[in-house]
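> I am attaching a structure below and will ask some questions about it afterwards.
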Amino acid sequence: MQYEQMRLEFLDLQGKGRYSQEQKEYAFRLIEEYGVRATAKILGVPRQTLQRWCRRCGVNVKRCPDWVYEWADNRALSRGW
């Protein structure tokens with residue numbers, strides 16, 4: 001439900017061309033929080049398109065979102081590693 005709302009907000013930002021600059025900036029904010037793969041699923045935009053936007057606009061993308069590292073640490077602790 002929440003992701004559907006995000007997708008609708010993304011579609012509302014559409015401009016004259018295929019994707020507007022506002023849509024790209026919205027995608028960059030989601031990429032920062034959720035990562036490229038999850039953002040692609042949420043917005044319904046191919047992952048390669050998002051990666052191309054990031055390269056062209058100079059947006060550095062982390063290997064994975066911050067929450068993944070925290071999750072991995074908690075999992076290791078629970079397993080006694």
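The values are calculated or read from the model by the stated rules, or taken from the named source; none is laboratory data. All figures in this text were calculated on a predicted structure; none of them were measured in a lab. Counting neighbours? That spans all protein chains shown, and the Cβs are built from the backbone with ideal geometry, glycine included. The area values use the complete protein model at the heavy-atom level, side chains included, leaving out ligands, DNA and RNA. Shrake-Rupley method; radii C 1.70, N 1.55, O 1.52, S 1.80 Å.
> Which whole-number percent is the relative contact order of region 6-63 (Cα, under 8 Å, 6+ apart)?
RCO, region 6-63: 32 percent.
> Further, regarding this structure: Taking the Cα centre as origin and putting +1 on Lys and Arg beta-carbons and -1 on Asp and Glu beta-carbons, what dipole magnitude results for the chain, to the nearest 20 debye?
For the chain, the charge dipole is close to 540 debye.
> Also, quick follow-up: Between the helical axis of 66-79 and the dominant principal axis of the chain, each derived from Cα atoms, what acute angle in degrees is found, rounded to the nearest 10?
20 degrees
> Now for a separate question. Given a Förster radius of 25 Å and the C-beta distance between residue 12 and residue 62 as r, what FRET efficiency does 1/(1 + (r/R0)^6) yield to the nearest 0.05?
With R0 = 25 Å, the Cβ-Cβ based efficiency is 0.35.
> By accessible area of protein heavy atoms, probe 1.4 Å, what ranking do 59, 36 get, highest first?
Largest to smallest exposure gives the sequence 59, 36.
> I've got another one for you. Which value in nm describes the separation of the simple spin-label points at residue 52 and residue 75, placed 7 Å from the Cα toward the beta carbon?
If labels sit at residue 52 and residue 75, their model points lie 3.2 nm apart.
> While we're on this one: Give the cross-link partners of residue 16 among the aspartates and glutamates, using a straight C-alpha distance below 20 Å as the criterion and excluding same-chain residues fewer than 8 apart.
Candidates past the 8-residue exclusion: 25.
> Identify all aspartates and glutamates with a Cα-Cα distance to residue 24 below 19 Å; exclude those on the same chain that are fewer than 8 residues away in sequence.
4, 9, 12, 32, 33
> Tell me, what is the Rg over Rh of the chain, with Rh the Kirkwood radius over Cα pairs?
That ratio equals 1.09.
> Just to confirm a number: summing +1 for Lys and Arg and -1 for Asp and Glu over residues other than residue 66 whose beta-carbon lies under 14 angstrom from that of residue 66, what do you get?
Its environment carries a net charge of -2.
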